Structure formats: C-alpha cells, structure tokens
Amino acid sequence: MASRIVDVWGDRTPYAPGEQWPERVDQHLTLEESRIERWVQSACVLCSNGCGLDIAVADGRIVGVRGRAQDRVNHGRLGPKGLFGWQANNSADRLTQPLIRVEGELRPTDWDTAMQAVVARSQEILSEHGPLAMAFYTSGQLFAEEYYAQTLIARGGIGTPHLDGNTRLCTATAEWALVESFGSDGNPGSYSDIDLCDTLFLVGHNMAETQTVLWTRLLDRLQGPDRPRLVVVDPRATPTAQEADVHLAIRPGTNVALLNAILHELIGHDWVDAAFVREHTAGFAELRGMVAEYTPEKAAEICGVSADAIRQAARILGTGERLVSTVLQGVYQSHQATAAAVQVNNINLLRGMIGRPGCTVFQMNGQPTAENTRETGANGTMPGFRNWQNDAHMQEIAEAWNVDVLRIPHWAPPTHAMEMFRHCESGSVKFLWVTGTNPAVSLPELHRIRSIYGQERLFLVVSDAFMTETTALADVVLPAALWGEKTGCFTNADRTVHLSEKAVDPPGQARSDFDILLDYARRMDLRDKDGEPLLKWTEPEHAWNSFITHTRGRPCDQSSLTYEKLRGGSGITWPCAEYAPQGTERLYADHVFATQADYCEDYGHDLITGAQNEADEYRAHEPGGRALIKAAPYLPPHEPVDDDFPLQLTTGRRVYHWHTRTKTARAPELQEAAPEMWVELHPDDAGPLGIVDGDLVRVRSRRGEIDAPAVLRGHRPGLVFAPFHYGYFDQADSFRHTRAPNELTRTEWDPVSKQPIYKVTAVRVEKIANARAVAPGRY
Ligand SMILES: Nc1nc2c(c(=O)[nH]1)N[C@H]1C(S)=C(S)[C@@H](COP(=O)(O)OP(=O)(O)OC[C@H]3O[C@@H](n4cnc5c(=O)[nH]c(N)nc54)[C@H](O)[C@@H]3O)O[C@H]1N2
Ligand SMILES: Nc1nc2c(c(=O)[nH]1)N[C@H]1C(S)=C(S)[C@@H](COP(=O)(O)OP(=O)(O)OC[C@H]3O[C@@H](n4cnc5c(=O)[nH]c(N)nc54)[C@H](O)[C@@H]3O)O[C@H]1N2
Ligand code: SF4
Ligand SMILES: [Mo]
C-alpha cells in the first residue's frame, strides 16, 4: 500500500464519454480484515472532494479506511491523504485535557474550570464593552451542525457581527464569484459532468495534487476513448499542467488579462451562444466593450506567454461542445480574485455551457466542509444563503431562532476575518475564540499575527485536537474530538452531502466542538424571546433537523435530507426537498438563475472597488433570473518586483500534506514522503546566485525571511514556490520563526471576497550554505 505514496493516483480505469466511471475500491488497513469489528459510514475530510468511505474499527480504535464503491463522488477510490491521514486520530500526543494559562504557562485543568474561565471572561467583557468586543473564528473542517450552533450563539445569542471562518482564506472567492454571477452560492454542476465533457479548463487549480481522486476521474477520461481537450493555467509545471494540451504558464497575478483575452477571442470568432446570452444573461455589451482592447498580443505581454498559445487555448474553449471549467487558489488568492473568477463564469455563460449535462463551472472548494460554513452563516454571511440587506430574509432568521430581529447584527455585512484581527490589534475586540484552524501558521504576515494573538488584553480561546503554534498563544485550550469521534454532516464541492458517523470515542476528556458549544451556550444562559434556552438541542441530529428546516425555500434547500436518508447508500446532492426527494444533479437546468431581487443571496459588488450594491439600485435593474455578466479591467499586482525584491514568490500545496500538517505529520507514510520544508527556484534564477540543488537558501520579503533547501525546477524564470505546510510545532529552534512562508506574505485582500493574497509576493533569494548530502523527501 505504501506504493500509493509513489503511485499517487493508482491504476487507470479508462472510460468513454457518457459511460459510468468504473469502480475501484481502495483501502488501507493496519490489521487483518478478519479482526475488524465494525465498519462505520463516513467520508474523507482531507479535502473538498469528500470521498465516501467506511471507517474500520477494532478494540475501540480506528484501524483503517475503505472507499465506498457506491458513492457518487469517488466510486470507491481514495488518495494518499484519505488512505493514511486518519492515523493522526490515534497519535499519542492528542490533547486529552483542557489547559489554562496560569502565571504565563499553560497547565492542565478540568472542563469545569476551563469553561468557567471562558464564560466568566465572556460575561465580563460583554457587560463592560458589549457584544462588539467578542469575536469567533471558526473553520472549514467541522460539521454543519457545529457551525450552525456557532452561528446561533454568535449572531443570535451574543449578538456580534464578528463571526467568520478560515473559509475566508480558502473559498470566500468561490462563494462571491458564484453570488456575483448567479445570485447565490452553490456550484451549479455535478462531478458527473466530467464523465460527459469534451473540454476541460483548469485555472489556478493543481487538481492532481489537491483533489487526487477527482483527478483520477479526469485522468481516466484523458486516457480513455475520445479524450477531452485540457487547458491549464498555472505559472508552474504542476503534474496537472503536464497533462494539458495547452499549458499557459502565466506570470502570477495576471489572470484577468489572460481571461479577458480569451473572452476577446471567443467574441471575435463568434464562438458565442447568442440565443443563450440574449435570453439568460445581462451585461454582455459591457463585457464586449471591456475585452475589445485585450488582444492576445496585449495579454501575451502582460502574462508572459505567447499570443499563439492564448489563441490556441481560446480555440479549444471556443469550439468544444461541452465545457467544464474549474477555478481554485491560483485565482482566489490573488489581488483580483473575484474579478478573475467571474471571468471564468463569463466564459461558460458566453458559450451557453452551464446547467446542461457535461457543461459547468466549478468555483472549487478546498476544505472538506467549507460549503457548510457558508450555508450555515458561520463565515460572514447569513444562514441559508440569506441576504443581510433583505428585511424579509432577516425576519425569517429571527423567526426560526425565536429572537428579536434587532438582536442579529445586520446593519452592515458581517465582519470578515481580516477585519476581525484588525479589531483585535486595535483592542476593540477583547475575546477571540479560534476553533479548528491554525492561524499562527496559515494567516499572512505571521509576526503581526503572533503579536496580535499574544497581547495581554486579548483573551484567546483555542479548540484543537493537538498543541499547535496557535494553542501555544492561548489563554484557554479546549481538547477537541476529531472526525471519526463525532457525528455530523458535510457538503463537498459538487453539493454532495455525506453523514459521517461516530466510529470511536475521543481520547481522554476530549469533546466534540458541538458539545463544547452547547456547554458554552448553557453556561452563558443564552435564551430566546420566550426565555427558553436558545440552543434547544442535545444531539447533532437535532441541530441538523433545525438547520435543514431553515433552508426550506432557499437555493440550498435540504429540507428532505434527513440522517435516515443519508445512511446506507451514496452521498446526496442538494437541493433535496419535497420537489426533489432524491437530490438534484445540476442547478439552473432551466437556465433561471438565483438573481431575483427577493431571492438572491446578495446584491453584489463593484468588482474593482468592492463597493456594495444597494437594494434599490439592484431592483432598478431587476435581473429576474438572468445570470449577470460582469466585466473587469486588468490591474497589476500591488507589490511589483523591483531591484531589491526581483522575484515573485507563490505559495501552495504538495500532495502529501494537509495545510499546517497537524494531521499529516502524524501519519508516518505522509510525513516520510515530505518531511522537510523546501523552496523551488528556476535554474535561470539560481545560476547567477551560485545556487545548486539542495543548497540552503534564504528567501526574504519586506515582512520577513525564511530558510530552506532549494530545489531547482523549470517553472517560470522569476518564480519562487514555497509549500505553506511547514510551521514550528515540530521544529527544535522554533523561536527563530524562519520556516513558514507566511512570514513573507502581506496583509492584503481581494476587495470583493476579502480573501488574503498568498500567491504573489516580491522576494529576493540568497544562498546561505552548501547542499546537504541527503535530499529531504520526495518533492
Ligand atoms: N494535498 C493537499 N490537498 C489539498 C489541501 C492540502 O493542504 N494538501 N488543501 C485543500 C484546500 S483547503 C484547498 S483551498 C485546495 C487548494 O487547491 P489548489 O488551488 O489546487 O492548490 P494551491 O497549491 O494552493 O494553488 C494552485 C495553483 O495555483 C497556482 N498559481 C499561483 N499563482 C497563480 C496565478 O496568478 N494564476 C494562476 N492561474 N495560478 C496561479 C500555483 O502554482 C498552484 O499550482 O486544496 C485542497 N486539497
Ligand atoms: N501562504 C499560504 N497560506 C495559506 C494558503 C496558501 O495557499 N498559502 N492557503 C489558505 C487556505 S486555502 C486554507 S484552507 C488555510 C488552512 O489553514 P488552517 O485552517 O490554519 O490549517 P489546518 O492545518 O487545516 O488547521 C486546522 C486545525 O484544526 C484542527 N482540527 C482538525 N479537526 C478539528 C476538529 O474537528 N475540531 C477542532 N476544534 N479542531 C480540529 C487541526 O488539528 C488544525 O490545528 O490556510 C490558508 N493559508
Ligand atoms: S481526494 Fe480528498 S476527499 Fe478524496 S481521499 Fe483524497 S483527500 Fe480525501
Ligand atoms: Mo483552503
């Protein structure tokens, strides 16, 4: 099985367009199958693909996993993280007791003391400073029930607008690109569109490494009869790009220029579905005007690729009959994130290729449960994709929660994470509870984050399963149960909902986030209008049932999607309601989009300034179910290269690790595959600096520096790549803070989605030591 570390995607099972993707069941067990006592239904939480799997249990411990052949997402397959990552649950260094800071040091304590401290401080701050001094920063890796509890506590109970998820760093742009174009969040397509398409367009998405099982689906098409054509836009020669018919290795931060040129070509060659555009969209004329000047030559100059390659790509996109486009962090973590993501929507809209079999755009998710953070309103939106500017929507929320509508802050959009941390910095927020995320490694400009989180006047609560760089800064640490140790539902990138059942007990005194939040609500004595407890549930299933009821009539309607229905078979796609009891494969099959003024999730933004549209203004141009085509000019990245910082750093992922490695560093196969930090340089840049493969180099930006061995790779000259997986928890001299790439990145975000910019940073590189004898791991 360790071979799946080398052979990441496993054996090919080629198939022809329109055929079923063949099943292939992958498993990894650490015991003989005969000793397994139970199999428990779940799905993988190590990326947004959400592969269906069963957890093997023996002696009260997880001993392996097996892909579910009948699941619509993976047809039995699992990738390296899915196969090996679960071992972190069994790690000996799990947090098993709450910790509390006494005389500057974190010391073990009991739940009662820890929760009393959290509650006492909350009440003190609330009475002295009011709800605006309270903030909650949650995750994209918990279950829907947990987020819904968190939303109700923060928005309905405490009454603070300061609740956001780490989804802000991850899929805020996916969400807003969908809202801006189609009126609501929710990916329109289905993974089965990959079985049917003849053209694939991957923009800033290294699917081969980051959604390995979805990539096997593509590979099986690419190596089967009637191969679809593949266009990849990525500055790096990723394994994904290596399979492309056309790979556009653009200069980082130039997506809008390239996409405008492609739109220019589509219009110029009349590769446009005129009837679709006329009947189902609004805004085409403005787009046509905007892209007129973006000739392939102009874009070639900006993007640093050939005009011919752009023409070739446009021809492929313009002449196929069934186009699937996907977008991810190479777009979302840029300065024009939403503007660029929307141009990909526009390509599909111009081609009339949405809401039909084999035709869609995926504004991809990254984290396994990011869609739920969004649906439940835990990430800077309102539950059920409701519109904070729409009084009727706010009234529905107030009624569902039985609270006064004025208790739910909605005088402005809910605070986004980057703004929340600024409030912590300035001292107006005095209480921050971080759950299921490790911001001391994952946020930009880490020295700033450490100084904000380390402030005396900020009371920091952190719920995690391990000691991390963030728990190290906390006043109270709460030991959390992980996946497999609790029950809940979650939704993947193609709207497939899975139920993940509890397989084993959490270690020691660790408790689920759901139980911790319920305990907090009870101790805080949060109540509804009638004086009843605000959170009336004791089990996740109760919370689920009230959440799905609350989605009735909304685009993410899951009102018929009970636990019962989710047990046994495959995951089910929403909407799942009386009108679609078995779920819904594709949204917008009737080409009526969610843009009606009374229905839409938001009135949208100016793509350049981020200015919010007002209700009156929106109503004046009532789109009435037409998709909105929004144009944007290209703007250069905000931190241009110069003589001092002549190279561009981009950061991202490698197949073997999950984010800050709290899980994958504890799975031996994965950790051994990539044990050490490294940076990738182009040989043309390394040569003049006297750097050869394996030399220790220092990468410096205006914010900080990191040291790592160099790997010489033929990506674009001028480009440096660093994986962001390596922080300090497993490093001896961790106090030096010269390992995590976010030492280098800066505090800046996209104007619409407010997603931070991790993909473009000006740096310089110097050699600090000769190559070591042994190269670290498999790059
Ligand atoms: N193995 C593994 N898989 C994961 C994760 C993980 O940590 N490890 N995390 C999950 C999560 S939460 C997420 S969000 C996804 C992210 O999945 P991806 O978005 O696929 O991963 P990244 O490596 O962040 O970025 C993708 C690519 O963007 C390219 N890029 C950089 N700048 C630009 C640009 O200006 N334009 C374009 N077009 N491309 C650019 C990079 O070279 C990189 O190859 O992965 C998910 N899957
Ligand atoms: N430079 C750079 N920075 C980036 C990115 C990048 O591409 N480049 N990508 C960004 C993106 S897309 C993302 S998604 C973020 C990810 O950034 P983070 O969310 O900070 O990364 P994780 O390591 O996934 O942290 C999750 C934490 O939650 C804990 N945990 C896991 N399950 C549970 C649970 O059930 N309950 C609780 N309470 N805790 C749990 C884990 O142990 C871990 O400490 O990083 C962002 N930062
Ligand atoms: S593709 Fe994603 S969800 Fe599927 S097994 Fe791999 S990590 Fe898990
Ligand atoms: Mo992410």
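One table, with the values for the structure above:
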{"read-out": "Subset tally (residues that are aromatic (F, W, Y) and within 13 Å of ligand 3 (Cβ to nearest atom)) for the stretch 37-95", "value": "2"}
{"read-out": "E371 crowded, with 24+ Cβ neighbours inside 10 Å, modelled with pLDDT of 95 or more and more than 16 Å from ligand 1 (Cβ to nearest atom)", "value": "no"}
{"read-out": "Matching residues, the stretch 31-44, being over 28 Å from L328 (Cα atoms) and either in contact (Cβ under 8 Å) with a residue 40 or more places away in the chain or within 16 Å of ligand 1 (Cβ to nearest atom) (or both)", "value": "R38, V40, Q41"}
{"read-out": "Considering residues of the stretch 346-368 that are over 26 Å from P633 (Cα atoms) and either away from ligand 1 (no atom under 16 Å from the Cβ) or without any contact (Cβ under 8 Å) to a residue 12 or more places away in the chain (or both) only, the residue surrounded by the most Cβ atoms within 10 Å (Cβ to Cβ)", "value": "C359"}
{"read-out": "In the stretch 330-358, the residues that are in contact with a Leu (Cβ under 6 Å, 6 or more places away or on another chain), hydrophobic (A, V, I, L, M, F, W, C) and not in a helix (DSSP H, G or I)", "value": "M353"}
{"read-out": "Test: residue in the stretch 722-742 that is more than 21 Å from T468 (Cα to Cα), in contact (Cβ under 8 Å) with a residue 40 or more places away in the chain and in the same structural domain as V765 (by TED's automatic domain parsing)", "value": "no"}
{"read-out": "Total residues in the stretch 608-660, condition of a type in the set (A, V, I, L, M, F, W, C), assigned to a loop (DSSP other than H, G, I, E, B) and farther than 21 Å from W678 by Cβ", "value": "7"}
{"read-out": "E19 vs. criteria part of a loop (DSSP other than H, G, I, E, B), out of contact with any helix residue (DSSP H, G or I) (no Cβ under 9 Å at 6 or more places or on another chain) and touching a residue at least 40 places away in the same chain (Cβ under 8 Å)", "value": "no"}
{"read-out": "Answer from G384, G380 - the residue that is within 16 Å of ligand 4 (Cβ to nearest atom), outside the structural domain of A314 (by TED's automatic domain parsing) and under 17 Å from C600 (Cα atoms)", "value": "G380"}
{"read-out": "Criterion (out of contact with any strand residue (DSSP E or B) (no Cβ under 9 Å at 6 or more places or on another chain), small (G, A, S), modelled with pLDDT of 95 or more and assigned by TED's automatic domain parsing to the domain that holds P555) met by exactly one of A154, A120", "value": "A120"}
{"read-out": "Members of the stretch 673-689 that are part of a helix (DSSP H, G or I) and within 15 Å of ligand 1 (Cβ to nearest atom)", "value": "A673"}
{"read-out": "Selection count, the stretch 27-86, where residues are more than 22 Å from H659 (Cα to Cα), among the polar types (S, T, N, Q) and outside any loop (DSSP other than H, G, I, E, B)", "value": "3"}
{"read-out": "Contacts under 9 angstrom Cβ, first residue in the stretch 45-63 being without any contact (Cβ under 8 Å) to a residue 24 or more places away in the chain, partner away from ligand 1 (no atom under 12 Å from the Cβ) and part of a strand (DSSP E or B), 6 or more apart", "value": "D54/Q27; D54/W39; D54/V40; D54/Q41; D54/S42; D54/V65; D54/R66; D54/G67"}
{"read-out": "Which numbered condition H205 fails, given (1) within 16 Å of ligand 2 (Cβ to nearest atom); (2) part of a helix (DSSP H, G or I)", "value": "(2)"}
{"read-out": "Among residues of the stretch 31-49, those that are closer than 19 Å to R567 by Cβ and within 16 Å of ligand 4 (Cβ to nearest atom), counted", "value": "2"}
{"read-out": "V6 outside the structural domain of R217 (by TED's automatic domain parsing), within 16 Å of ligand 1 (Cβ to nearest atom) and surrounded by fewer than 18 Cβ atoms within 10 Å (Cβ to Cβ)", "value": "yes"}
{"read-out": "Inter-residue pairs, beta-carbon under 6 Å, first within 16 Å of ligand 4 (Cβ to nearest atom) and in the stretch 133-159, second among the acidic types (D, E) and modelled with pLDDT of 95 or more, 6+ apart", "value": "L142/D513"}
{"read-out": "Which numbered condition R495 misses (of (1) within 16 Å of ligand 4 (Cβ to nearest atom); (2) on the phi > 0 side of the Ramachandran plot)", "value": "(1)"}
{"read-out": "Scope the stretch 134-172; condition part of a loop (DSSP other than H, G, I, E, B) and among the aliphatic types (A, V, I, L, M); matching residues", "value": "L142"}
{"read-out": "Answer residue from the stretch 637-665, given it is within 16 Å of ligand 3 (Cβ to nearest atom) and surrounded by fewer than 21 Cβ atoms within 10 Å (Cβ to Cβ) and is nearest to R700 (Cα to Cα) among those", "value": "R653"}
{"read-out": "Any hit, the stretch 20-29, residues being more than 28 Å from C359 (Cα to Cα) and within 16 Å of ligand 4 (Cβ to nearest atom)", "value": "no"}
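Results for (1) farther than 20 Å from M418 by Cα; (2) within 15 Å of ligand 1 (Cβ to nearest atom); (3) among the aliphatic types (A, V, I, L, M), shown as yes or no for each residue.
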site	(1), (2), (3)
T160	no, no, no
D164	no, no, no
A174	no, yes, yes
S184	yes, no, no
S190	yes, no, no
D195	yes, no, no
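Residues checked against (1) assigned to a loop (DSSP other than H, G, I, E, B); (2) within 16 Å of ligand 3 (Cβ to nearest atom); (3) at pLDDT below 95; (4) of a type in the set (A, V, I, L, M):
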{"residue": "R217", "(1), (2), (3), (4)": "no, yes, no, no"}
{"residue": "P225", "(1), (2), (3), (4)": "yes, no, no, no"}
{"residue": "P235", "(1), (2), (3), (4)": "yes, no, no, no"}
{"residue": "V256", "(1), (2), (3), (4)": "no, no, no, yes"}
{"residue": "A261", "(1), (2), (3), (4)": "no, no, no, yes"}
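The values are calculated or read from the model by the stated rules, or taken from the named source; none is laboratory data. This is a predicted model, so every value here is computed, not measured. Cβ atoms come from the backbone with ideal geometry, glycine included; neighbour counts cover every protein chain shown.
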